[in-house]
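Quick notes on the structure that follows.
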Amino acid sequence: MYICRMKAMKRIMMLLLLMMVAGSLTLYAQSSKEKKQQEAKAVKEKVVSKNYKTEVSVAYPLSGRMRNLTSLYSLEVKNDSVFSYLPYFGRAYSIPYGGGQGLIFNAPIDSYEMEYGKKGEARVKLVARNSEDRFQFSLSIYSNGSVSINVNMQNRESIGYSGNLVTDP
């Protein structure tokens, strides 16, 4: 009889332990889901405000291999201006003597379009000009903060970048 009580107590303890573990996993899943939703909301607010910065870590030249970037490069949109600090790898068709500025410039935005895709990613298209070229940026900004950028120019080959949206103030 004593042995039966011990077995019953063991089963009850195991059942309680199992319920506690399952409960904590459920709480973790809920908090993880809530965290993703908060992150997606912060990303959407940044994009809608037209005041955001992306940091790029990989460049994809049209001709050549992808390049991991070791320095800090970025593309920033502030109200009606774009601040581009991006490296350029590729062929130039017509540029000023000495190489020009490349993709390191500040310029007013000529046109800005934004739409949301089926999976919640923001697609931004903006056009800017400086004294050297016309730049057409196409950004795909995903809810987790990752960003894909394609740049088409008149006087240079196209180039792509990937990185993340800076959501910190």
Report task. Would you mind stating whether residue 142 is open to solvent by 30 Å² or more (accessible area, probe 1.4 Å) and closer than 21 Å to residue 60 by Cα? Result -> yes
Query raised in the report: Taking into account only those residues within segment 38-55 that are of a type in the set (Val, Ile, Thr) and open to solvent by less than 60 Å² (accessible area, probe 1.4 Å), which is nearest to the chain's Cα centre (by Cα)?
Result: 54
Report task. Quick one: count up the residues across segment 61-106 that are surrounded by fewer than 16 Cβ atoms within 10 Å (Cβ to Cβ) and of a type in the set (Asp, Glu). Result -> 1
Requested in this report: From (1) open to solvent by 50 Å² or more (accessible area, probe 1.4 Å); (2) at pLDDT 85 or above; (3) closer than 30 Å to residue 37 by Cα, pick out the condition that doesn't hold for residue 58.
Outcome: (1)
Requested in this report: Scan segment 154-167 and report the pairs whose first residue is open to solvent by less than 30 Å² (accessible area, probe 1.4 Å) and whose second residue is polar (S, T, N, Q) and at pLDDT below 85, with Cβ atoms within less than 8 Å and a gap of 6+ or a chain change.
Outcome: 157/63
Query raised in the report: Somewhere in segment 126-134, is a residue surrounded by fewer than 19 Cβ atoms within 10 Å (Cβ to Cβ), β-branched (Val, Ile, Thr) and assigned to a strand (DSSP E or B)?
Result: yes
Query raised in the report: Is it the case that segment 59-71 has a residue that's outside any loop (DSSP other than H, G, I, E, B) and under 19 Å from residue 127 (Cα atoms)?
Result: no
Query raised in the report: How about segment 77-123: which of its residues are of a type in the set (Asp, Glu), over 23 Å from residue 57 (Cβ atoms) and in a loop (DSSP other than H, G, I, E, B)?
Result: 80
Query raised in the report: What number of residues within segment 145-169 are outside any strand (DSSP E or B) and over 20 Å from residue 72 (Cα atoms)?
Result: 4
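The values are calculated or read from the model by the stated rules, or taken from the named source; none is laboratory data. As the structure is a computational prediction, the values presented were derived from the model and not from experiment. Positions of Cβ are generated from backbone atoms using ideal geometry, with glycine treated the same way; all protein chains shown enter the neighbour counts. Note: accessible area is taken over every heavy atom of the protein model, side chains too, but ligands, DNA and RNA are not part of it. Shrake-Rupley method; radii C 1.70, N 1.55, O 1.52, S 1.80 Å.
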